[in-house]
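Take a look at the structure set out below.
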Amino acid sequence: MSEPSLKVVALQGMGEVVAGDDLAGVLLACPVDLHDGDVLVVSSKVVSKAAGLSAPAAERNSVIESQTVRVVAERRTPRGLASVVESVAGPVMAAAGVDASNVPAGTVLLLPSDADAAARELRARLRELGAPLVAVVVTDTAGRAWRTGQTDFALGCAGLVVTDDLRGTTDAMGTVLEVTEQALADEVAAAADLVKGKAAGVPAALVRGLRAFVTEDDGPGARSLLRDPASDWFRYGHVEAVRLSLGVPRGAVEPPSVTPESLPHMAQRALEVAVVGAPGAFTGAVVEDGDQCTVTVTAPDPYVLGWVVARLTTALWSEDLEGTVTREPGVDACRVTARATR
């Protein structure tokens, strides 16, 4: 029995894809012979270009909003507000996948809203034009929550087994595997990205050696890889999770910045979060005190006082600050000393 092997080949000579192009015809014009069982891996960018999914760059923020299902995290950057969101296309990604690279100046490109459907349509068109039985994977690029850098993943898929479920089988030591489910479509996308890429202007690649995973039917598609809410342990960034739990609407208080901020500014923002929806009158002030700062909250009603201060210690935590609460006997004031923990 021969050793398993994989061949990954860039599809050269595609040229610039524009709205209205027959993408299947463009792919078949590349000087690569397709075989039964091959996988064509195509950047979502050329799928979007062929479909005319562009918008003026001046409308980028509103376009991102229109492509957002749920905001996971927002941060201020020197270039403006950056967001990680659940996109209309399905995955959680930066700016809902709205991209300004490798597009004409003054425009941005949107992701296909249903990349699985785009993959199925492309596969059907390839067969219509005489291609053999191949699978199609539509890819995009995203970062990962616990690692730096970006990698390509399967945004859409047709004709390829998306996961190789090894649960119930045994490893080399005879141990029964209980959780191993190989994300095959994502691994194919990442492998193909090693020979294509934005800088090289090569948006498609052929992967050969996976015949056992290429199917006659289109299959469930890449959207089946998305976690449902019940199994998603990390639906929000820690700042957003705290604010949501405190009932603070999005936009009521500015997001933190990715650049260093002063301790008083961070403490003031925590105070603003804490007092949203306060049930009575109060006053609050932030005073810098060397490498610490003091947040003083005063209220005539002890209930209101306790309500604000309890929320304040939680809001400080979301800023990576630690709050120590002290109160002078007989004085309707709580003093919270905020100390940076980083």
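What is the percent of Cα-Cα separations in segment 26-69 that go past 14 Å? Roughly 67 percent, rounded to a whole number. Reported to the nearest whole Å, the Cα centre-to-centre distance from segment 14-80 to segment 114-158 is 11.
Each label point was placed 7 Å from the Cα along the Cα-to-Cβ direction; for ASP291 and ARG339 their separation is 1.0 nm. Over the chain, one equal point on each Cα, no solvent: what is log10 I(q)/I(0) by the Debye formula at q = 0.15 Å⁻¹? Computed log10 I(q)/I(0) values: -1.16.
Using the alpha-carbon positions of segment 99-175, Rg (one decimal) and Dmax (whole number) come out as 17.6, 58 Å. If you model segment 238-340 as an ellipsoid using its alpha carbon gyration tensor, with each semi-axis the square root of five times an eigenvalue, the axes come out at 21, 17, 10 Å, biggest first. Going from the residue with the fewest nearby Cβ atoms within 10 Å to the one with the most, TRP233, TRP307, TRP317 rank TRP233, TRP317, TRP307. Check each of the trypsin sites (Lys or Arg not before Pro) in segment 108-214 and keep only those in coil by DSSP with at most 15 other C-beta atoms within 10 angstrom; list them in order. Hits after loop and neighbour filter: ARG167, LYS198. With an 8 Å Cα cut-off and a minimum separation of 6 or more residues, compute the relative contact order for segment 238-340 in percent. About 27 percent, as a whole number. Only aspartates and glutamates eight or more places from LYS196 in sequence, or on another chain, were considered; those with a Cα closer than 20 Å are GLU16, ASP33, ASP38, ASP99, ASP140, ASP152, ASP186, GLU187. Sequence-distant contacts, meaning Cα pairs under 8 Å at least 6 residues apart, place the relative contact order of the chain at 17 percent. Helices in the chain, meaning DSSP H runs of at least 4 residues, each add -39500 (n - 2.57). Divided by all residues, the mean residue ellipticity at 222 nm is -7000 deg cm²/dmol.
Loop-resident chymotrypsin sites (Phe, Trp or Tyr not before Pro) (DSSP state other than H, G, I, E or B) in segment 128-227 with no more than 10 further Cβ atoms inside 10 Å of their Cβ: TRP146.
Read-outs: derived from the displayed coordinates by stated rules, not from any lab. Computed from a prediction, not measured in an experiment: that's the story for all the values here. For neighbour counting, all protein chains shown are included, and Cβ atoms are generated from backbone atoms with ideal geometry for every residue, glycine included.
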